Amino acid sequence: MRRVALAASFLIAASRADAAIPAFEEVQRAHQPSEAVLLDRHGEVIHELRVDERVRRLPWVPLAKVSPALVEAVLRAEDKRFFEHSGVDWRALGDAAVDTVVRGVPRGASTLSMQVAAMLEPQLRATGQRRTVTQKWDQIRAAGELEKAWTKRRILEAYLNLATFRGELVGIGAAARGLFGKDPSGIDEREGALLAALLRGPNAKPPVVAKRACQLALGGPLSEPAAGAAGAHGLPQGKPRGGFAGAPSCEAFEALATARLTEPPKFEGRPALAPQLARDLLTRDARRVQTTLDAQLQTFAIETLQRQLAQLANRGVRDAAALVLDNASGEVLAYVGNSGAGSSAPFVDGVRAPRQAGSTLKPFLYATAIEDRVLTAASLLDDAPANLVTPSGLYVPQNYDREFRGLASVRVSLAGSLNVPAVRTLMLVGTERFAGRLREAGFEGVVESGDYYGFSLALGSADVTLWQLTNAYRALANAGQWSRPRVLPAPPGKSAAIIDPGAAYIVSDILADRNARSVTFGLDNPLASRFWTAVKTGTSKDMRDNWCIGYSRRYTVGVWVGNFDGAPMRDVSGVSGAAPAWLDLMNALHRSDGRTPAPVRPADVVVQRVRFVPEIEAERDELFLAGTEVAEVEVKPALPSAARIVYPGEGSIIALDPDIPAAAQRVRFEASVPDATLQWRIVGATAEAVPDALWQPHPGRFELALIDAQGRELDRVRFEVRGTAGR
């Protein structure tokens with residue numbers, strides 16, 4: 001027997017020869033919450049996101065922030081003589097041995113210190129239903145070492161944070177929040193008893209847990225701790241503080257257990273202000289990430305979008321997004337990917353989703369024309385119907401209100417968002433030049449050649465994102481200097497000059513001109529802020545996207561409203577859709593700034609008094625790049641010109657409709673000059689006169705000639721007819 005005892009002692013000593021009790025601070029640092037947190041620029045938590053699906057664990061909870069009622073219940077349930085022993089409760093161990101050997105009822109007697117030791121050292125954990133003798137002795141020895149290295153208070157604190165309470169809930173923080181929606185400091189006596197009862201069987205059925213909790217509540221107060229122990233550790237002494245008022249009701253525990261343990265844990269009320277950024281930035285390796293966002297502004301932006309969507313609910317608008325940038329640093333101050341629970345697609349990021357730009361690309365088109373000295377702010381453009389032949393067919397641009405204003409200056413055309421003048425400007429600048437400018441401005445979706453987009457690029461046919469668009473406007477605010485925006489704290493990135501500073505200044509001045517804007521929008525509209533701002537709206541085809549992007553000296557704000565599924569809105573323009581939210585955000589940003597001045601005029605921009613002859617627009621002071629200024633813009637009568645064929649255009653392809661009888665199909669030829677004496681003729685092997693400019697089409701390739709009254713051919717185009725007409 002002596003040899004066996006000596007061998008056992010050697011085995012016990014050898015099994016943990018290399019083990020060491022970690023420092024309490026080391027255990028705290030190693031505690032990894034399953035929730036990662038996103039912080040704003042001031043360190044405030046703005047979003048929590050679960051990144052570990054194996055367990056549910058919240059941040060470490062100091063013992064001082066745990067309810068005394070909960071502490072007392074845990075000690076009563078798990079270790080009545082916690083303050084009396086030095087790691088092992090030998091009396092409890094003896095009682096457990098008697099129950100196991102004599103009565104045949106297995107019962108553990110692990111103290112809190114022993115349990116914590118097993119939590120810290122994997123080799124001390126049970127390999128099956130129960131620990132081996134060697135593991136038990138190793139656990140006893142480790143508990144003694146733990147008691148020497150740590151205070152009682154720290155052992156108890158570690159136990160509450162490392163213990164499994166139910167299912168995936170590890171630690172008192174997750175248990176209190178998930179089961180009761182409370183912080184550990186708010187747990188009452190019944191809730192504390194229920195949590196303590198879970199420690200014996202985390203996955204027990206609710207009636208079993210309720211019975212244990214009721215027995216625990218009926219078991220009387222804590223055993224008195226050893227003299228001076230409670231005072232030394234600052235823990236409660238004697239009877240439970242507050243206690244149960246009268247005899248506790250087991251039915252009450254059954255109701256509580258049924259209500260809390262039959263449903264999945266709920267973690268409601270957590271910060272959730274930036275879900276899109278949280279999903280991008282938070283991972284198991286990045287659980288605490290600080291951003292450049294401002295929690296107060298982020299909250300206000302979300303509420304602003306929700307209010308605006310409520311106003312537009314009866315117009316078929318369900319989604320919105322917003323972005324706020326600091327002009328100087330490029331820091332993102334607010335990032336709202338969608339409106340939250342009311343969104344049609346809460347997981348879609350509207351800041352990064354590509355959508356059609358509408359008229360919001362026009363400032364970059366006119367800036368290019370001014371920079372290239374093709375146009376000035378006083379140049380006149382013809383806002384009249386235009387039929388433009390393209391490789392894909394006839395392109396007929398229209399203004400938003402379906403009206404035309406004749407001649408209009410660049411200032412009025414841009415501020416009033418006139419479409420036909422923008423298309424004419426693109427014809428002067430060139431589609432490839434403009435596409436290249438957009439790529440320089442960060443529009444990564446513009447990957448095709450200019451010819452691919454054609455003239456519709458002037459009206460926003462390219463797909464852009466709110467992220468790209470807002471930052472491109474920030475470049476206008478920064479005198480043409482472009483740099484990447486950033487959502488993480490870092491030194492400003494490298495900048496590049498993408499637009500001439502003078503051209504950027506002139507375009508900004510136009511976008512801030514209320515009088516020029518009033519041609520289309522009137523003087524009273526949400527684009528008119530009480531301080532200097534430059535702003536542009538845009539609406540894509542069929543009212544699927546609505547934008548408002550603008551900037552002050554300090555900030556650039558972009559707002560989009562629409563539907564993520566592409567459904568059209570009803571009677572929503574840039575002014576009525578996105579603009580009100582844009583103005584609210586701008587006013588909030590400048591609430592404490594007082595009056596915000598306009599940008600400083602560059603040295604190469606001059607002011608020149610301009611008058612128009614005839615008086616198409618009122619005489620005014622206008623801005624010019626030095627060397628392009630004029631004092632008078634005169635419109636001279638157009639010289640008579642020979643008529644030309646407007647439709648069909650050269651190379652046009654006309655398709656027959658198989659559902660319409662051939663005899664009912666006609667093509668109307670159009671000339672640039674209305675003249676009843678003009679004649680139309682299909683030329684070729686068999687000449688064919690076309691009276692009244694109406695021609696019955698049939699498949700083939702044709703040449704069409706326009707003849708004047710003297711029989712002279714004025715113009716000729718080639719076109720093709722394809723398909724088969726109905727019978």
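The values are calculated or read from the model by the stated rules, or taken from the named source; none is laboratory data. Not measured: the values here are computed from a predicted model. Every residue, glycine as well, gets a Cβ built from its backbone with ideal geometry; the counts of neighbours run over all protein chains shown. Ligands, DNA and RNA are excluded from the accessible area calculation, which covers all protein heavy atoms including side chains. Shrake-Rupley method; radii C 1.70, N 1.55, O 1.52, S 1.80 Å.
Scanning the stretch 30-63 for residues that are of a type in the set (A, V, I, L, M), out of contact with any strand residue (DSSP E or B) (no Cβ under 9 Å at 6 or more places or on another chain) and in contact (Cβ under 8 Å) with a residue 24 or more places away in the chain turns up VAL61, LEU63. For GLY460, the test of being surrounded by 23 or more Cβ atoms within 10 Å (Cβ to Cβ) and in contact with a Gly (Cβ under 6 Å, 6 or more places away or on another chain) is passed. Selection of the stretch 579-593 for residues being crowded, with 16+ Cβ neighbours inside 10 Å and either more than 15 Å from MET543 (Cβ to Cβ) or out of contact with any Pro (no Cβ under 9 Å at 6 or more places or on another chain) (or both) yields PRO580, ALA581, TRP582, LEU583, ASP584, LEU585, MET586, ALA588, LEU589, HIS590. Would you pick out the residues in the stretch 151-178 that are in contact with a Lys or Arg (Cβ under 7 Å, 6 or more places away or on another chain), surrounded by fewer than 24 Cβ atoms within 10 Å (Cβ to Cβ) and in a helix (DSSP H, G or I)? The one that is in contact with a Lys or Arg (Cβ under 7 Å, 6 or more places away or on another chain), surrounded by fewer than 24 Cβ atoms within 10 Å (Cβ to Cβ) and in a helix (DSSP H, G or I): GLY178.
In the set (1) open to solvent by less than 40 Å² (accessible area, probe 1.4 Å); (2) touching a strand residue (DSSP E or B) at 6+ places or on another chain (Cβ under 8 Å); (3) outside any loop (DSSP other than H, G, I, E, B), GLY649 fails one condition alone, (3).
Consider the stretch 179-196 and keep the residues that are small (Gly, Ala, Ser) and part of a helix (DSSP H, G or I). The one that is most open to solvent (accessible area, probe 1.4 Å) is SER185.
When the residues of the stretch 652-669 are narrowed to those that are loosely packed, with under 15 Cβ neighbours inside 10 Å and assigned to a strand (DSSP E or B), which ends up modelled with the lowest pLDDT? Let's see the steps before the verdict.
The first filter runs over the stretch 652-669 and keeps only residues loosely packed, with under 15 Cβ neighbours inside 10 Å, leaving 653, 655, 657-661, 663-664, 666, 668.
Checking the rest, the ones that are also assigned to a strand (DSSP E or B) come to 653, 655, 661, 668.
Details: ILE653: 83, ALA655: 86, PRO661: 86, ARG668: 89.
Checked the stretch 652-669; the qualifying residue modelled with the lowest pLDDT is ILE653.
Per this entry, ALA598 is not counted among residues that are under 30 Å from ALA378 (Cα atoms) and open to solvent by less than 10 Å² (accessible area, probe 1.4 Å). Every condition in (1) within 18 Å of GLU72 (Cβ to Cβ); (2) at pLDDT 85 or above is met by GLY220 except one, and the failing one is (2). Note on the stretch 632-646: residues that are open to solvent by less than 60 Å² (accessible area, probe 1.4 Å) and in contact with a strand residue (DSSP E or B) (Cβ under 6 Å, 6 or more places away or on another chain) total 5. Residues in the stretch 327-369 that are more than 13 Å from the chain's Cα centre (by Cα), open to solvent by less than 30 Å² (accessible area, probe 1.4 Å) and hydroxyl-bearing (Ser, Thr, Tyr): SER329, SER359, THR360, TYR366, THR368.
Applying the criterion of at least 3 residues that are within 22 Å of ARG424 (Cβ to Cβ) to the helices (runs of 4 or more DSSP H) found wholly in the stretch 448-515 leaves 450-453, 501-511.
Taking ASP524, is it assigned to a loop (DSSP other than H, G, I, E, B) and open to solvent by 50 Å² or more (accessible area, probe 1.4 Å)? Walk me through it before giving the result.
Details: assigned to a loop (DSSP other than H, G, I, E, B): yes; open to solvent by 50 Å² or more (accessible area, probe 1.4 Å): yes.
So ASP524 passes the test.
Under the condition of being open to solvent by 10 Å² or more (accessible area, probe 1.4 Å), of a type in the set (Ser, Thr, Tyr) and at pLDDT 95 or above, the residues counted in the stretch 496-521 number 1. Would you check if there is a residue in the stretch 288-299 being under 30 Å from VAL447 (Cβ atoms), of a type in the set (Lys, Arg) and open to solvent by 10 Å² or more (accessible area, probe 1.4 Å)? Checked against the condition, which is being under 30 Å from VAL447 (Cβ atoms), of a type in the set (Lys, Arg) and open to solvent by 10 Å² or more (accessible area, probe 1.4 Å), the stretch 288-299 yields no hits at all. Within the stretch 481-493, the set of residues being touching a residue at least 60 places away in the same chain (Cβ under 8 Å) and either under 27 Å from ARG601 (Cβ atoms) or of a type in the set (Val, Ile, Thr) (or both) comprises SER483, PRO485, VAL487, PRO492. Taking (1) under 30 Å from VAL633 (Cα atoms); (2) surrounded by fewer than 24 Cβ atoms within 10 Å (Cβ to Cβ); (3) of a type in the set (A, V, I, L, M) in turn, ALA313 satisfies each apart from (1).
To keep it simple, each residue is scored yes or no on (1) open to solvent by 30 Å² or more (accessible area, probe 1.4 Å); (2) under 24 Å from the mean Cα position of the chain (by Cα); (3) of a type in the set (D, E, K, R).
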| site | (1), (2), (3) |
| --- | --- |
| PHE24 | no, no, no |
| HIS31 | no, no, no |
| SER34 | no, yes, no |
| ASP40 | no, yes, yes |
| ARG54 | yes, no, yes |
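Inspect all residues belonging to the stretch 566-579 and state whether any of them is among the basic types (Lys, Arg), in contact with a helix residue (DSSP H, G or I) (Cβ under 9 Å, 6 or more places away or on another chain) and assigned to a loop (DSSP other than H, G, I, E, B). Checking the stretch 566-579: at least one residue is among the basic types (Lys, Arg), in contact with a helix residue (DSSP H, G or I) (Cβ under 9 Å, 6 or more places away or on another chain) and assigned to a loop (DSSP other than H, G, I, E, B). The condition of being of a type outside the set (Val, Ile, Thr), open to solvent by less than 70 Å² (accessible area, probe 1.4 Å), on the phi > 0 side of the Ramachandran plot and at pLDDT below 90 does not hold for GLY94. Where strands (runs of 3 or more DSSP E) fall wholly inside the stretch 264-361, the ranges with 1 or more residues that are touching a residue at least 24 places away in the same chain (Cβ under 8 Å), touching a Pro at 6+ places or on another chain (Cβ under 8 Å) and within 30 Å of PRO599 (Cβ to Cβ) are 319-326, 332-336. When you look at ARG402, is it touching a Ser or Thr at 6+ places or on another chain (Cβ under 6 Å) and either modelled with pLDDT of 90 or more or farther than 16 Å from ILE510 by Cβ (or both), yes or no? When the stated conditions are applied, ARG402 does not pass them.
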